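Worksheet: the structure to be examined is printed underneath.
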Amino acid sequence: MGANMNLSLKTIPPALHRQLKEKAAEHGRSLSKESLSTLELAVRPRIFNEEDFLDQVRKKRRKFKLNLTIEKIESAIHEGRQ
C-alpha cells in the first residue's frame, strides 16, 4: 500500500458539519478522523452475513419488545385482506 493521501473538503453544508462534529464527539475522535471513518464505511464493500443480520434483528426485537410469531403475522395479513 502506498503513502497516505490528503483530501480537502470545501463548502460543507453547516448541518452536515454539525452532524459530523456531533458524531466525532460521541466517538471520541477528531473531526478529521470521524470524517475518514465515515468515508471508509461508505465505500467499504458490504458482505452479507446472515447470522450477523439475524442477531441485529433479534436485538431490535428485544429493544422494542416485539413478540411477533409467524402465526401473528399470518393473522394480521389475513385480517388486512378482509
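So the values come out like this:
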read-out: Single unsatisfied condition, GLY28 versus (1) at positive phi; (2) surrounded by 10 or more Cβ atoms within 10 Å (Cβ to Cβ); value: (2)
read-out: Failed condition for LEU68, given (1) surrounded by fewer than 10 Cβ atoms within 10 Å (Cβ to Cβ); (2) of a type in the set (A, V, I, L, M, F, W, C); (3) in a loop (DSSP other than H, G, I, E, B); (4) modelled with pLDDT of 90 or more; value: (4)
read-out: Criterion: free of Cβ contacts under 8 Å to residues at least 12 places away in the same chain, over 30 Å from MET5 (Cβ atoms) and of a type outside the set (A, V, I, L, M) - qualifying residue of ARG44, ARG62; value: ARG62
read-out: Residue within segment 12-30 that is at pLDDT below 90, among the hydrophobic types (A, V, I, L, M, F, W, C) and not in a helix (DSSP H, G or I) present; value: no
read-out: Some residue of segment 42-52 being at pLDDT 90 or above, of a type outside the set (D, E, K, R) and exposed (fewer than 11 other Cβ atoms within 10 Å of the Cβ); value: yes
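The values are calculated or read from the model by the stated rules, or taken from the named source; none is laboratory data. This is a predicted model, so every value here is computed, not measured. Virtual Cβ from ideal backbone geometry, glycine too; neighbours counted across all protein chains shown.
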